[in-house]
Amino acid sequence: MSTKFDSNSETAASNAQGSLDAVIVGAGFSGLFMLHKLRGIGLSAKIYEAGDGIGGTWYWNSYPGARCDVQSVEYSYQFSEDLQQDWNWSERYASQPEILSYLEHVTDRFDLRRDVVLKTRVSGAEFDEKSNRWKVTSDDGRVVDAQFLIMATGALSTIFYPDIPGREAFKGQSAHTGAWPLEGLDFQDKRVGVIGTGSSGIQCIPIIAEQAEHLTVFQRTPAYSVPAGNYDLDPGWLTEFKNDYSGLRERNEATMGGFGSDHPVNTELALQVSEKEREDQYQHRWQNVGGLLFLGAYADLLTDPAANQTAAEFVRQKIRATVIDPEVAERLMPTTMIGCKRLCTDTNYYETYNRANVSLVDIKDSPIEEITETGLRIGEKSYDLDCIVFATGFDAMTGAISNIDIRGKGGTRLTDKWADGPINYLGVGTAGFPNLFTIVGPGNPSVLTNMVCTIEHHVGWVAECIEYLRSNSFSAIEVTPAAELDWVAEVNAIAASTLFPTCNSWYLGANIPGKPRVFMPYLGLPPYREKCAEVAKEGYSGFDLT
Ligand code: NAP
């Protein structure tokens, strides 16, 4: 049955108090651009944001050393040529404060602030099947009604604290890297403990070590880290680079991750070249390229375990060569497949363990049993600390969406539907939840790519879809069950042909006790973009439009 959408009454409803065309949840890169796009097609929309500032990830993760691992000239919007020409990045990899000031600039430049409602956490959303609209509730009791509900909630926004008893008892200062206090933490001459050695831990550890009287790092699983190779950008270089900004964007679109076309993935296979050639290639990537592009040294590093281990061993040799105490070096040695968990990038991470005021405690076989008033306890041994930093990660990709009580058709809860994994189509929607869009949700290439460009693509696709619905007088769009089953099968089949499922990464939800082990991101930006274009061209195949 098809109930045609009455565009006049919709406009009237949008003007009424508490009624909008769209509610966007989250004021990060996704939400801000979504607002801009929806305004551009004449919709009334507001962003609801839990923080008291815009920026999403880049608002919350203000811990010392936080910076992006994709180059600043790539990790930025491309929708406005004027914007990308006007903005001048100061470093190859932008720091958190610089990215946040960029987002502040974008917010003001495009006059977005007047439609951003801060300090408002969306707590529930219920779909009304008669009106095809969402009733969205925030935790201060406000209710707003909207045709479209757009989750721009980010992939890494729900912080995870391990279930260690006593956290509340600690009398010193403590914070999670992903919810860093605005006033910061004072490490000067303090005894500091950092729990966790993923990307966040690896970024803050060298900086905390410079300030603390003593830093103790509590490590469960050693991670692979490659020097970022950060440097100040030369203004002359930047001016010249901007002459062909769109050229870089175009070349990046053809890459699997949407970045790094200036150092493309080597098409050779690791074991088909001599050992000397391999060493030279790894050394070149380590020393001259830096960061995530290390994994582009050979085409098969993420598919062939033997090839992978040549790169892994190269990094282990670097750790041995850098860390003076061989026992500490051994403890820092990762053994999993490199790249299976997100590769970390650093500035002076391994070197930090040569400092006299830094110690490394391996907690793999003897976990932290208790946080106490004065520090923490492992077995019989107590560690006295003034500050504890939890760099313990996120309930990635689904956490923020699942924390909202979203009820679709028939009152079905999204958390129930996703109990065995986030079944979805294109990472943008799920059957039974019409007019609900997830920007770079599970099933989208998202975290395996240059997020900003993937976000721009996804937001653009959603905006075009909404424009299509409006111009064809449809009031609702809903994923079909068949389309989502096929999509999830495809996401998993692609992942299964790689080494990604071989370790306990957050890509699989494996860092969260009890979370179903399902590989969530879609591997490959170009095929994903092609699929989205094809779906739109076919009048939104895989969706029911009513
Ligand atoms: P993460 O990679 O999930 O690392 C969390 C760390 O906490 C791991 O070392 C983990 O150990 C440890 N941990 C968890 N529970 C623990 C427990 N009970 N006891 C001891 N240790 C425990 O989180 P993250 O470092 O915040 O990074 C998450 C993602 O954010 C990154 O992968 C990256 O995509 C993004 N990020 C990017 C940047 C950047 O652009 N440079 C910076 C920061 C974050 P196990 O490994 O044993 O679980």
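The values are calculated or read from the model by the stated rules, or taken from the named source; none is laboratory data. Everything numeric in this text was worked out from a predicted model, so none of it was measured. Don't worry about glycine lacking a Cβ; one is built from the backbone with ideal geometry, like all the others, and counts go over all protein chains shown. The protein model used for the area step is the full one, side chains on, heavy atoms only, and it has no ligands, DNA or RNA in it. Shrake-Rupley method; radii C 1.70, N 1.55, O 1.52, S 1.80 Å.
Descriptive notes on the structure:
- Residues of segment 251-280 that are open to solvent by less than 40 Å² (accessible area, probe 1.4 Å) and part of a helix (DSSP H, G or I): Asn252, Ala270, Arg278.
- Segments classed as strands (runs of 3 or more DSSP E), wholly inside segment 143-196, with at least 2 members that are open to solvent by 30 Å² or more (accessible area, probe 1.4 Å) and either touching a Cys at 6+ places or on another chain (Cβ under 6 Å) or within 23 Å of Val358 (Cα to Cα) (or both): 173-176
- Complete set of residues in segment 387-432 that are in a loop (DSSP other than H, G, I, E, B), hydroxyl-bearing (Ser, Thr, Tyr) and open to solvent by less than 40 Å² (accessible area, probe 1.4 Å): Thr392, Thr398, Thr430
- Candidate set: segment 197-227, residues that are in a loop (DSSP other than H, G, I, E, B) and away from the ligand (no atom under 16 Å from the Cβ); chosen: the one farthest from Phe390 (Cα to Cα): Glu213
- From Ala321, Ala306, Ala299, residue being in a helix (DSSP H, G or I) and in contact (Cβ under 8 Å) with a residue 12 or more places away in the chain: Ala306
- Those residues of segment 348-386 which are away from the ligand (no atom under 16 Å from the Cβ), surrounded by 14 or more Cβ atoms within 10 Å (Cβ to Cβ) and of a type in the set (D, E, K, R), in sequence order: Glu351, Arg355, Asp386
- Among the candidates Phe79, Phe127, the residue that is in contact (Cβ under 8 Å) with a residue 24 or more places away in the chain, outside any strand (DSSP E or B), open to solvent by 10 Å² or more (accessible area, probe 1.4 Å) and more than 16 Å from the ligand (Cβ to nearest atom) is uniquely Phe79.
- Annotation: of all residues in segment 82-106 being closer than 18 Å to Asn230 by Cα and in contact with a helix residue (DSSP H, G or I) (Cβ under 8 Å, 6 or more places away or on another chain), the one that is farthest from the ligand (Cβ to nearest atom) is Asn88.
- Qualifying residue in segment 96-107 (condition: assigned to a loop (DSSP other than H, G, I, E, B) and open to solvent by less than 30 Å² (accessible area, probe 1.4 Å)): no
- Qualifying residue in segment 390-404 (condition: touching a residue at least 12 places away in the same chain (Cβ under 8 Å), on the phi > 0 side of the Ramachandran plot and away from the ligand (no atom under 16 Å from the Cβ)): no
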